[in-house]
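See below for the structure under consideration.
The values are calculated or read from the model by the stated rules, or taken from the named source; none is laboratory data. Here the structure is a predicted model, which means the values were calculated and not measured. Here the Cβ positions follow ideal geometry from the backbone for every residue, glycine too, while neighbour counts run over all protein chains shown. Ligands, DNA and RNA are excluded from the accessible area calculation, which covers all protein heavy atoms including side chains. Shrake-Rupley method; radii C 1.70, N 1.55, O 1.52, S 1.80 Å.
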Amino acid sequence: MEKYGSDKPDLRFNLEMKTLNEVFTKTEFKVFKDQISSNGIISGIVAPGCGNYTRNQLDVLTDFVKKLGAGGLIWMRVKDNDLEAPIAKFLSDDEKKNIIQSLNAKPGDLIFILSGQRLKALSIMGQLRLEMAKRLDLIKPDSKAQLLWVTDFPLFEWDEQTKRYYAMHHPFTSPRLEDVEFMESDPGRVKARAYDLVLNGSEIAGGSIRIHNADLQAKMFKALGISDEDAEYKFGFLMNAFKYGAPPHGGIAFGFDRMAMIFAGENSIREVIAFPKTASAVSIMDDAPSTVSDEQLKELHIKIR
């Protein structure tokens, strides 16, 4: 996430993101100071040779990240060994020098910086990375395909709204065995035995090793805030089966339609699906969804509210 702003990165071009928190540990610039004190992140990326971008072009990119939820976009032009930017007056000479060094920026380059809550800011910067790749035409039709395995996913993700952890994959995914000791004390530190296969920025397969032990499954439910009573009511059959012994097991599922899209050189999955739905989930081929008679609804015990 810190390098590419995505857990399914497109590696057909470079434009690697860099975390700049270390550069601003003693900063007096309030925006960065506040983010560091609240465990946020400051991420930067270089757009090579874009130092001549006009104010209008920069405004368009600022609007782009704002629509994704960013508060704004900080840009800096690299001039010799100095930075030209609206915020330059708030930065010390050392900070400017360290920004250039950290990002390995050259004269004539353009630097973009985003700050905010960690995953949100990184995700938005990842979208900006892809946007700049399009603008700079970095992905050629004959670009070599880039496959990679993504592993060591977090087992849990924290939801700020409900103030609790949720399973990132599903509640039957096994944690890494060396991380089991942290499931109660520090759930955010636990990694999953899950894996995705990524091709050119698209996830084409994913899976995990499953939990096959009743005690470990009980720990997982507890970490997710599921009470013993609820676990018994919803998953008692599974816990009971584990008592008789279940072998270690796992799997992987391939998204064949996604692969077909990539092989066909298309940008939308709808181009390779026989009867694709519209953006509003309407099937034009068979005019679905359609109206249903009261008699059918009554027969199926369905009430429309």
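What the table below lists for this structure:
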{"item": "Mean-position separation - Cα centroids, the stretch 162-191 and the stretch 280-298, in angstrom", "result": "41 Å"}
{"item": "Given charges at beta-carbon only (K, R positive; D, E negative), |dipole| of the chain in Debye", "result": "540 debye"}
{"item": "Percent carbon-and-sulfur accessible area, the chain, ignoring ligands, DNA and RNA, probe 1.4 Å", "result": "51 percent"}
{"item": "Options Gly225, Ala70, Asn240, ranked by Cα towards positive dipole end of the chain, top entry (Cβ charges)", "result": "Ala70"}
{"item": "Charge dipole magnitude, Cβ of K and R +1, D and E -1 - the stretch 10-154, Cα centre, debye nearest 20", "result": "240 debye"}
{"item": "Within the stretch 131-218, GluC sites (Glu not before Pro) in DSSP loop having at most 14 other beta-carbon neighbours inside 10 Å", "result": "Glu160, Glu184"}
{"item": "Check: the stretch 184-236 dipole with +1 on Lys, Arg Cβ and -1 on Asp, Glu Cβ, in debye", "result": "240 debye"}
{"item": "Highest-fluctuation residue, Gln127, Gln35, Gln161 considered, GNM on the chain with Cα pairs under 10 Å", "result": "Gln161"}
{"item": "Residue pairs, from the table Lys3/Lys30; Lys66/Lys144; Lys18/Lys79; Lys18/Lys89, whose Cα atoms sit over 30 Å apart", "result": "Lys66/Lys144"}
{"item": "Among [x] 6, 25, 34, 25, 9, 0; [y] 5, 19, 24, 24, 18, 7, 2, 0; [z] 6, 24, 27, 20, 16, 7, 1, the entry that matches P(r) over Cα pairs in 10 Å bins from 0, in percent as calculated here", "result": "[y]"}
{"item": "The stretch 240-274-the stretch 97-159 distance, computed between alpha-carbon centres (Å)", "result": "26 Å"}
{"item": "Table column - 3J(HN,Hα) (Hz), the stretch 252-269, Karplus curve with 6.51, -1.76, 1.60, x for Gly and Pro", "result": "8, 10, 9, x, 5, 5, 5, 5, 4, 4, 5, 5, 7, x, 9, 9, 10, 5"}
{"item": "Trypsin sites (Lys or Arg not before Pro) lying in DSSP loop within the stretch 21-70, provided at most 11 other Cβ fall within 10 Å", "result": "Lys26"}
{"item": "Farthest positive-ward along the chain dipole, Cα basis, beta-carbon charges - from Ile252, Asn56, Ala281", "result": "Asn56"}
{"item": "For the stretch 58-180: relative contact order, % (alpha-carbon pairs under 8 angstrom, 6 or more apart)", "result": "19 percent"}
{"item": "Farthest positive-ward along the chain dipole, Cα basis, beta-carbon charges - from His301, Ile211, Ser43", "result": "Ser43"}
{"item": "Highest-first arrangement of 81-88, 219-226, 134-141, where packing means the average Cβ count within 10 Å", "result": "219-226, 81-88, 134-141"}
{"item": "Average Cα contact separation per residue, the chain, under 8 Å, 6 or more apart, as relative contact order %", "result": "15 percent"}
{"item": "Cα-projected label distance for Lys219 with Arg55, points at 7 Å along beta-carbon direction, nm", "result": "5.9 nm"}
{"item": "Förster-model FRET efficiency, 22 Å R0, Ser283 and Ile252, C-beta, rounded to 0.05", "result": "0.15"}
{"item": "Residues of the stretch 12-28 with amide N under 13 Å of the 7 Å Cα→Cβ point at Ser102", "result": "17-28"}
{"item": "Mean Cβ neighbour count within 10 Å, used as a protection proxy, ranking 204-214, 163-173, 265-275 highest first", "result": "204-214, 163-173, 265-275"}
{"item": "J(HN,Hα) series, the stretch 148-154, from Karplus relation 6.51 cos²θ - 1.76 cosθ + 1.60, nearest Hz, glycine and proline x", "result": "8, 8, 10, 10, 6, 5, x"}
